Amino acid sequence: MSVDLSTSIAGVKLPNLFFNASGVWCQQEAELTELLNSESGSLITKSATFEPREGNPSPRYLPLEHGSINSMGLPNEGYEYYLEYAKKYDYNNAKPLFISLSGLKLEDNIQMVTKFVEADLPCILEVNFSCPNVPGKPQLGYDMEGMAKALRTLAPIIKKPFGIKLPPYFDIVHFDQVAEICNSVDNLAFVTCVNSVGNGLAIDFETETVAIKPKDGFGGLGGQMILNTALANVNAFARRLKNGKQVIGVGGVTSGKEAFLHVLAGASAVQIGTQLKEEGPQFFARVKKELEDIMVAKGYKSLDDFRGKVKTL
Ligand code: DHB
């Protein structure tokens with residue numbers, strides 16, 4: 001029996017549900033080419049700012065026993081680089097292209113989305129409301145009024161279906177508030193849950209020293225340790241979003257099993273961060289095979305058979 005891992009996001013077909021989480025394997029064209037040559041179902045570029053950025057001082061990423069910590073500080077080539085990449089991208093390729101934008105202020109996001117709209121390309125925008133690592137810049141995702149204003153401003157400029165990257169939330173009232181804001185924006189087609197769990201601290205027991213250099217060691221947590229927070233956010237939004245709005249799941253996927261759980265919680269696609277960084281793009285072949293094997297064993301033929309069907313007690 002063969003199973004079907006294909007999915008659609010914002011009305012665009014992906015040959016399978018897996019792609020990279022923005023920030024991993026996607027800052028420069030050589031890395032994006034490796035994603036294209038992998039078994040991923042799509043690819044997304046590094047969050048772009050208006051100007052190129054070096055990011056924070058190193059070490060700024062470290063794998064941990066149960067995940068990772070990072071404070072990269074938005075190193076990227078500047079939006080024009082990703083716009084040029086999107087202009088020359090071969091959209092006949094089966095993999096749709098997602099572009100992540102993370103302006104340091106609303107005006108930057110307005111200017112960047114305007115340039116992408118003017119270029120009239122079939123790429124899909126994921127506007128990042130949740131970078132926790134720029135010193136002095138609180139993330140928009142925890143400012144409900146700021147997020148509502150940004151969405152009300154950007155959505156009519158973008159016009160087409162688009163998505164936003166959200167931070168993890170930890171309170172039911174916040175799930176309700178954010179979902180209400182999202183539901184009020186017609187062309188908001190998906191939310192990507194979750195960005196890293198912001199401002200964790202890893203300390204080495206032997207050396208009594210923090211793991212990364214920026215911000216006295218504070219950085220975003222990813223990987224296995226955030227799986228349950230990610231599943232909760234995916235499911236909370238899958239339950240609350242209306243009119244076909246979708247959830248892309250990200251957080252804690254190290255094998256087909258966690259990917260299965262993300263879909264069961266309601267994810268329509270699954271992004272990979274820490275595990276891709278650690279294992280490289282060959283991870284996509286492994287995770288696909290593992291999810292296919294799980295679906296065969298459980299008798300599911302397509303993602304629709306179990307998406308969002310987690311049982312409650
Ligand atoms: C960075 C980290 C994030 O979690 C994010 O959403 C954007 C940028 C970074 O540190 O580069």
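The values are calculated or read from the model by the stated rules, or taken from the named source; none is laboratory data. Not measured: the values here are computed from a predicted model. Note that each Cβ is placed from the backbone with ideal geometry, even for glycine, and that neighbours are counted across all protein chains shown. To get the accessible areas, we keep the full protein, side chains included, count just its heavy atoms, and leave off ligands, DNA and RNA. Shrake-Rupley method; radii C 1.70, N 1.55, O 1.52, S 1.80 Å.
Quick notes
- Long-range neighbours under 6 Å by Cβ, at least six apart or interchain, first residue under 14 Å from GLN271 (Cα atoms) and assigned to a loop (DSSP other than H, G, I, E, B) within region 37-50, second at pLDDT 95 or above and among the hydroxyl-bearing types (Ser, Thr, Tyr): THR45/TYR82; THR45/SER100
- Residues that are among the basic types (Lys, Arg) and within 16 Å of the ligand (Cβ to nearest atom) within region 66-87 are absent altogether.
- Tabulated pairs, region 194-213, first open to solvent by 70 Å² or more (accessible area, probe 1.4 Å), second at pLDDT 95 or above and in a loop (DSSP other than H, G, I, E, B), C-beta under 6 angstrom, 6+ apart or interchain: LYS213/PRO57; LYS213/PRO59
- Out of GLY249, GLY198, GLY220, one residue alone is in a strand (DSSP E or B), touching a helix residue (DSSP H, G or I) at 6+ places or on another chain (Cβ under 6 Å) and of a type outside the set (Val, Ile, Thr). It is GLY249.
- In region 89-126, the residues that are within 16 Å of the ligand (Cβ to nearest atom) and either closer than 24 Å to LEU17 by Cβ or surrounded by fewer than 14 Cβ atoms within 10 Å (Cβ to Cβ) (or both): PHE98, ILE99, SER100, LEU101, SER102, LYS105, LEU125, GLU126
- Any hit, region 263-272, residues being open to solvent by less than 40 Å² (accessible area, probe 1.4 Å), more than 22 Å from ASN128 (Cβ to Cβ) and not hydroxyl-bearing (Ser, Thr, Tyr): yes
- None of PRO135, PRO63, PRO57 is away from the ligand (no atom under 14 Å from the Cβ), open to solvent by 10 Å² or more (accessible area, probe 1.4 Å) and either closer than 27 Å to ILE212 by Cβ or aromatic (Phe, Trp, Tyr) (or both) except PRO63.
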